[in-house]
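Below: one structure, written as structure tokens.
The values are calculated or read from the model by the stated rules, or taken from the named source; none is laboratory data. The model shown is predicted, which means the values in this text are computed figures rather than measured ones. So basically every Cβ, Gly included, is an ideal-geometry build from the backbone, and we count neighbours across all protein chains shown. To get the accessible areas, we keep the full protein, side chains included, count just its heavy atoms, and leave off ligands, DNA and RNA. Shrake-Rupley method; radii C 1.70, N 1.55, O 1.52, S 1.80 Å.
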Amino acid sequence: MGILNNIAFFALFMTSGLYADGWLQVVYLALAVYGWWSWLRGGPARDHLPTGRTTATQWWLLLGVGVAGTALLTWILDTKSDSTVPLPDAATTVLSLLATWGQARKKVESWWLWITADVIYIPLYAYKELWLTAILYVGFLALCVFGLRSWLADVRARELVSV
């Protein structure tokens, strides 16, 4: 189902002029395989990966990659395509990639990146008159809040056990 979802969104976004979001679907396929492996074998003993927090160093790295990636992708979309929304398309794409990395590594704060992306995606898709997609992303936003609460509870429970 995930692969079919990526193919359908690739076609939808490419025909709607959301090129970065379209190619993001291809990247999602590769990251899904990495995430699946990471969750099963990315733990300290090559076992189950526990939910954790993003370190300060990781946040700074994410910020740098996020700003640089958004600037570069905005420039590419603005100069090399007929995109009508280069900045929001680039920003949501970069946020999604950063959030996906965080999810693959089971970082609680990845949910905040997803929430930020969805808050931009919803009006972007409405602007592009992709109403059903905008509504779907309202649902994704709700799932992000649920995911955040669930992962926070998991981390807090493990922190209490280790104390």
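Some points to look at:
- Looking only at the range 127-141, and only at residues there that are open to solvent by 60 Å² or more (accessible area, probe 1.4 Å) and of a type in the set (A, V, I, L, M), the one that is farthest from Arg105 (Cα to Cα): Leu132
- Residues of the range 6-55 classified as touching a residue at least 12 places away in the same chain (Cβ under 8 Å), more than 18 Å from the chain's Cα centre (by Cα) and farther than 24 Å from Pro88 by Cα, total: 3
- Total residues in the range 144-162, condition free of Cβ contacts under 8 Å to residues at least 12 places away in the same chain and under 12 Å from Trp112 (Cα atoms): 2
- Residue within the range 96-105 that is surrounded by 15 or more Cβ atoms within 10 Å (Cβ to Cβ), of a type in the set (A, V, I, L, M) and in contact with a Phe, Trp or Tyr (Cβ under 6 Å, 6 or more places away or on another chain) present: yes
- Checking the stated criteria, Gly64 turns out to be among the small types (Gly, Ala, Ser), over 22 Å from Ala30 (Cβ atoms) and over 11 Å from the mean Cα position of the chain (by Cα).
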